[in-house]
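Student: Provided herewith is a single structure, encoded as C-alpha cells, for subsequent inquiry.
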Amino acid sequence: VLVCGRREPYLRRDGAASLAVLRAASLVVGLDGCIKAVGQADVIRNEFSEATFERIIDCSGKCVLPGLVDAHTHPVWAGDRVHEFAMKLAGASYMEIHQAGGGIHFTVEHTRKATEDELLATLEQRLGRMLRAGSTLVECKSGYGLDLDTELKMLRAIERARGSSAIGISSTYCGAHAVSKGKTATEATDDIINNHLPKLKELKLSGEIHVNNIDVFCEKGVFDLESTRRILQAGKDIGLQINFHGDELHPMKSAELGAELGARAISHLEEVSDEGIVAMARAKCAAVLLPTTAYMLRLKQPRARKMLEEGVIVALGSDFNPNAYCFSMPMVMHLACVNMKMTMNEALAAATINAAYALGKSDTHGSLEVGKQGDLLVINSSRWEHLIYQFGGHEALINYVIVKGKVIYENERCEAMSSY
C-alpha cells in the first residue's frame, strides 16, 4: 500500500519523498465509502476480527495506490479534430489553425448543434475510459459553447454525469475559452460578466447546477490580462474557485495575476516567467502541468524542475480535448518524468494529492488516509512504479478501480497473468 503520511493537503518537492510504501499492509473501507484503517495486515486483522465485510480482495504481490486525479480535462464536446492532426504534423501552429476557423471554433460549431443527451452519452463513454485508466476524480470543463445556451447545455450534461457516473467530478465553467465569432474580446467579457455569471449564480442557488471553478483562456489574441482579471474576479464573487489557462503560447503574466487574485490553480504555464513562479509558490497556487499538450503541439515543455525547486505545488492533468486526445493519467505521468524531468514520486504526488489540491479536494481525495474517501487502484505488480514505467501498459496492469469502497472496474486479464 502506498500512502501519504501526515495529512498534508499537498506535497512540494521535498515532501514527495514522504510517500511511504507499507509492505504486508491492509486497508479497510467502511460502508460510508470512507477509509477506516490503513496499516500492517496483522494489526488490522486483530482490530477488525469481529467485523463482517461485504468483500475482501486479496492483494498479495500487488500494489494499492490512491485513485488518480485528473486536474484538467475538456470532455464535453461534439466534432473531433482528427483531420487537424495531419495539419499539425505538417507544421501548422495551434493559432494558425485557430485563425483559419479550425481549432476551438470547429468544435464549437458541432457542440452547438448537438443535443444535451448526445453530449451526455459521449461524456459518459469518455469518463468510463478515464476510470478504467485509473482516474477516480476528474475536473470537467465547459467551453465549447461560448454562448450562454450551449455553455449551460454542457454544464447540465456534466451535472447529469455527476449523478450517473461513479467517477468524481469537479465542474468548471469555461465560457471564456475563446472569443465567439462576430464578437470582440471586450464584448465577450461583458456578456460573460453581465449574462452568463448571473445565470450561473441563479442555477447554483436553486441547486440545478453545481459549478466549482471558473476558467479563462488568458492568451494573446484571445482574452488579455485585463479581461481575464475582470472575468475571474466576477466568478470569485459568486463563489467559484479560480482555476484558469495561463502563459501557454505567450508570456502574459498570468501566473502573477493568478497569485494576486488568490487562484487555486493555473494550467499550462509553458511560458511562465521566473517572477510568476515565485509568486505562485508564495500564494500556494497549484501549477497544473499538461505534458500531453506540449508533446502534441511541439511546444517547449513547462519548467517543472524550476517550479519544484522554487516550492510550487505541481499537479498534472491529461488536458483531454479534441486537440490532445489522451484519457490516461499513467501516460501523463510517464511523459512528465521523461519530458519534464520529474521523479516518479513527484509525478505520482502530482497526479494524486496535488491534483486533488488544485481542485480544492485534498481534504477528501488524493491519498490513502483514514477519513478520506475510499478511492483506490490495485495494480498487478509488487512495485507501484510499473504504473509509470509501462508506457501505455495500464490496460493490462490496473487490476481493480475502486470508488468509495465499491469495485467499479475489475480487469480479468490481470488474473490470467502473473504479477509484472
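The values are calculated or read from the model by the stated rules, or taken from the named source; none is laboratory data. All values reported here derive from a predicted model rather than from experimental measurement. Every residue, glycine as well, gets a Cβ built from its backbone with ideal geometry; the counts of neighbours run over all protein chains shown. For the accessible areas, the whole protein counts, side chains as well, though only heavy atoms, and no ligand, DNA or RNA atoms are used. Shrake-Rupley method; radii C 1.70, N 1.55, O 1.52, S 1.80 Å.
Student: Want the number for residue 54 to residue 181: 0.36 nm per residue separation, take away the alpha-carbon distance, what's left?
Tutor: 40.2 nm
Student: Between region 257-282 and region 172-212, what's the alpha-carbon centroid distance in Å?
Tutor: Centre-to-centre distance over Cα atoms comes out at 23 Å.
Student: With the dipole of region 308-420 worked out from charges on the C-beta (+1 for Lys and Arg, -1 for Asp and Glu) around the Cα centre, which of 407, 377, 396 lies farthest toward the positive end?
Tutor: It is 407.
Student: Find the accessible area per residue for the chain; the probe is 1.4 Å, ligands and nucleic acids are left out, and the unit is Å².
Tutor: Here the residues of the chain average 40 Å² of exposed surface.
Student: Determine the calculated [θ] at 222 nm for the chain from helices alone, applying -39500 (n - 2.57) to every DSSP H run no shorter than 4 residues and normalising by the residue count; nearest 500 deg cm²/dmol.
Tutor: Using -39500 (n - 2.57) per qualifying helix, the result is -10500 deg cm²/dmol.
Student: List, in the order given, every pair from 88/204; 113/220; 204/361; 62/88; 201/253 whose Cα-Cα distance in the structure shown is over 31 Å.
Tutor: 88/204; 62/88
Student: Using θ = phi - 60° and the Karplus relation 6.51 cos²θ - 1.76 cosθ + 1.60, list the HN-Hα couplings for region 225-232 in order, rounded to whole Hz, with x at every Gly or Pro.
Tutor: Calculated HN-Hα couplings, in order: 4, 5, 4, 4, 4, 4, 5, 4 Hz.
Student: Any idea of residue 342's accessible area? Nearest 10 Å², probe 1.4 Å.
Tutor: Rounded to the nearest 10, that gives 10 Å².
Student: Next up: From the list (i) 157; (ii) 336; (iii) 132, can you say which value of volume of the Cα convex hull per residue in Å³ was derived from the structure given?
Tutor: Working out volume of the Cα convex hull per residue in Å³ from the coordinates points to (iii).
Student: So how far, in whole Å, is the C-alpha centre of region 122-152 from the one of region 295-339?
Tutor: Centre-to-centre (Cα) distance: 19 Å.
Student: Out of 307, 193, 60, whose Cα points farthest toward the positive end of the dipole of the chain (charges: +1 Lys, Arg; -1 Asp, Glu; placed on Cβ)?
Tutor: So the residue we want is 60.
Student: Turning to a different aspect of this structure: What FRET efficiency would be calculated for the residue pair residue 43, residue 124, taking the C-beta separation as r and a Förster radius of 56 Å, to the nearest 0.05?
Tutor: According to the calculation, E is roughly 0.85.
Student: Choose one answer from 11, 137, 31: the residue with the largest mean-square fluctuation in a GNM of the chain with alpha-carbon springs under 10 Å.
Tutor: 31
Student: Suppose R0 equals 45 Å; then what is the FRET efficiency for residue 31 and residue 82 from their Cβ-Cβ distance, rounded to the nearest 0.05?
Tutor: 0.50
Student: When the accessible area of the chain is split by element with a 1.4 Å probe, what percent falls to carbon and sulfur?
Tutor: So the carbon and sulfur contribution to the accessible surface is 51 percent.
Student: What's the magnitude of the charge dipole for region 102-179 around its Cα centre, counting Lys and Arg as +1 and Asp and Glu as -1 at the beta-carbon? Answer in Debye, nearest 20.
Tutor: Charge dipole, region 102-179, about its Cα centre: 280 debye, nearest 20.
Student: Calculate, in nm to one decimal, what residue 109 and residue 208 gain on full extension: separation in residues at 0.36 nm each, minus their alpha carbon distance.
Tutor: 33.1 nm
Student: Here's something else I'd like to know. Taking the Cα centre as origin and putting +1 on Lys and Arg beta-carbons and -1 on Asp and Glu beta-carbons, what dipole magnitude results for the chain, to the nearest 20 debye?
Tutor: In debye, rounded to 20, the chain gives about 500.
Student: Could you sort 232-242, 51-61, 263-273 so that the peptide with the highest average Cβ count within 10 Å comes first and the rest follow in order?
Tutor: The densest-packed peptide leads the list: 263-273, 232-242, 51-61.
Student: Could you give the size of the charge dipole of region 197-297 about its Cα centre, using +1 on the Cβ of each K and R and -1 on the Cβ of each D and E, expressed in debye and rounded to the nearest 20?
Tutor: So the magnitude is around 440 debye.
Student: Quick check: pseudo-label points 7 Å beyond the Cα along Cα→Cβ at residue 297 and residue 385, how many nm apart are they?
Tutor: Each label point is offset 7 Å from its Cα along the Cβ direction, giving 3.3 nm.
Student: In a Gaussian network model over the chain where Cα atoms closer than 10 Å are linked, find which of 172, 364, 136 has the largest mean-square fluctuation.
Tutor: Looking only at 172, 364, 136, the largest GNM fluctuation is found for 364.
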